[in-house]
Amino acid sequence: MHNFSYAKLLFLIPPTSSPSICLPTNSPSSEQNKPAAPGQEKRMSQFPKNLLPDEASPDWMNKGENAWQLTAAIFVGLVILYGGTVKKKWAVNSAFMALYAFASVLVCWVTWGYRMSFGDKMLPFLGMPNTTLDQKFLLEKAFLGSFPNATMVYFQFVFAAITLILIARALLGRMNFYARMMFVPLWLTFSYTISAFNIW
């Protein structure tokens, strides 16, 4: 075996103008009291343009929390695959029920469902129905967390949708698809919204 010296390897690395390794000094207190070089403080406070706060990304929003909330909502939405664990003769019917639940609940949720569940109080057990499609409302801070209302609307939507998909499992083979089309918006409006408003 060859005797390899790491010290010799250091001489093979060409010097750079901005070394990335800083050796500690003998007097750390003097370094702390030493004023910053001209322009150094300005460079440290600058961010890339995509990280600067703006209307779509205000300073109160935590991007990591927002990203995780959206990711968690996607994982919850994967329950739509639950519709595939049925007998072959019910597979198509189950898939259509799941897809219709997602599509129908999305329209109902952004039109009146979210505000009835998490909006202003209309009755002791129910919120005021209102749309959530206003851009100003969607970019405001949600009632919980450090992310906008748009993220919260989507996060709560997937829970409302999978609730009706789980109910579909109990009604599979027992309910006509046209009856299901009426059941989804009615149950969302008069059952889910009331339960969500009273819990939250």
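The values are calculated or read from the model by the stated rules, or taken from the named source; none is laboratory data. Everything quoted here is computed from the prediction, not taken from an experiment. For neighbour counting, all protein chains shown are included, and Cβ atoms are generated from backbone atoms with ideal geometry for every residue, glycine included.
Hand me the list of helices (runs of 4 or more DSSP H) wholly inside the range 88-200 holding 2 or more residues that are touching a residue at least 60 places away in the same chain (Cβ under 8 Å) and surrounded by 12 or more Cβ atoms within 10 Å (Cβ to Cβ). I'd like the intermediate steps shown before the answer.
Numbers: elements: 91-108, 114-118, 135-139, 149-171, 177-187, 193-199.
So the answer is 91-108, 114-118, 149-171, 177-187, 193-199.
Go through the residues of the range 100-112 one by one and say whether even a single one is among the hydroxyl-bearing types (Ser, Thr, Tyr), modelled with pLDDT under 85 and either farther than 25 Å from residue 141 by Cβ or over 21 Å from the mean Cα position of the chain (by Cα) (or both).
No: zero hits.
Here's the yes/no breakdown for (1) surrounded by 10 or more Cβ atoms within 10 Å (Cβ to Cβ); (2) at pLDDT 75 or above; (3) among the polar types (S, T, N, Q); (4) over 18 Å from the mean Cα position of the chain (by Cα):
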| site | (1), (2), (3), (4) |
| --- | --- |
| 31 | yes, no, no, yes |
| 35 | no, no, no, yes |
| 50 | no, no, yes, yes |
| 56 | yes, no, no, no |
| 69 | yes, yes, yes, no |
